[in-house]
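Beneath this line is the structure, given in structure tokens, with notes to follow.
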Amino acid sequence: MKHALIAFSLLATSAVLAPAAHADEGLKWMTGCWRTADKSYKEVWSKPESGFLFGYSLTYDETGALSFFEQARIDGGAPAVFNAYPGGFGPSEFTEESRAKNTVTFANSAHDYPQKIVYTRKGGRMSATISLANGARAQTWDFKKC
């Protein structure tokens with residue numbers, strides 16, 4: 001009986017931790033290494049793995065030295081959740097607000113800045129835009145494959 005309870009507990013825990021495959025295949029267009037033309041910013045996203053995409057970004061100063069990093073994880077599901085770990089701290093959670101072919105928007109209106117994160121892919125290029133919920137203070141990075 002004790003072993004059955006342990007097995008049930010493990011099964012229940014894994015069911016909670018494993019997200020649905022919704023974001024897994026649906027966001028695979030984000031995968032790969034992406035860099036800005038001036039090479040001051042780079043994002044890398046892993047292949048979808050068991051419902052997750054893992055990523056990181058690196059920001060370089062004018063001398064080429066690393067000045068900032070962020071880790072990220074997108075948990076699959078409906079809706080997907082973007083978890084940001086700026087400087088290794090977090091997570092700050094942003095829930096999927098909308099999705100269409102090769103574009104996804106994540107939002108968290110309670111976060112200070114950003115409150116909205118939008119990724120869009122067009123051919124061999126991808127862009128990431130962060131802003132307040134109303135679109136103010138928008139910053140966009142245009143990437144091409146590394």
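The values are calculated or read from the model by the stated rules, or taken from the named source; none is laboratory data. Predicted, not measured: the structure shown is a model, and the values here were computed from it. Cβ placement follows ideal geometry from the backbone for every residue including glycine, while neighbour counts extend to all protein chains displayed.
Among the conditions (1) of a type in the set (G, A, S); (2) under 13 Å from L27 (Cβ atoms); (3) at pLDDT 95 or above; (4) surrounded by fewer than 17 Cβ atoms within 10 Å (Cβ to Cβ), the only one that A136 does not satisfy is (2). Checked across the stretch 17-31, the condition of being modelled with pLDDT under 95, part of a strand (DSSP E or B), more than 16 Å from A84 (Cβ to Cβ) and acidic (D, E) holds for no residue.
The strands (runs of 3 or more DSSP E) found wholly in the stretch 70-134 and carrying at least 3 residues that are among the hydroxyl-bearing types (S, T, Y) occupy 92-100, 125-131. Of everything listed in (1) touching a strand residue (DSSP E or B) at 6+ places or on another chain (Cβ under 9 Å); (2) within 18 Å of D142 (Cα to Cα); (3) exposed (fewer than 15 other Cβ atoms within 10 Å of the Cβ), the single unmet condition for S67 is (2). Scanning the stretch 44-69 for residues that are within 24 Å of E97 (Cβ to Cβ), small (G, A, S) and in a strand (DSSP E or B) yields G55, S57.
Pairs linking a residue in the stretch 113-131 that is at pLDDT 95 or above to a residue that is aromatic (F, W, Y) and outside any strand (DSSP E or B), with Cβ atoms under 6 Å and 6 or more positions apart or on different chains, are R121/W29. Is one or more of the residues making up the stretch 112-123 among the basic types (K, R), surrounded by 15 or more Cβ atoms within 10 Å (Cβ to Cβ) and more than 12 Å from L27 (Cβ to Cβ)? Among the residues of the stretch 112-123, at least one is among the basic types (K, R), surrounded by 15 or more Cβ atoms within 10 Å (Cβ to Cβ) and more than 12 Å from L27 (Cβ to Cβ), which makes the answer yes. The combined condition, being modelled with pLDDT under 95, surrounded by fewer than 12 Cβ atoms within 10 Å (Cβ to Cβ) and not small (G, A, S), is not fulfilled by K145. Figure legend. Inter-residue proximity from the stretch 52-74: first residues among the charged types (D, E, K, R), second residues surrounded by 14 or more Cβ atoms within 10 Å (Cβ to Cβ) and not in a strand (DSSP E or B), beta-carbon distance below 9 Å, spacing 6+ or different chains. Indicated pairs: D61/S40; E62/S40; E70/G90; R73/P91.
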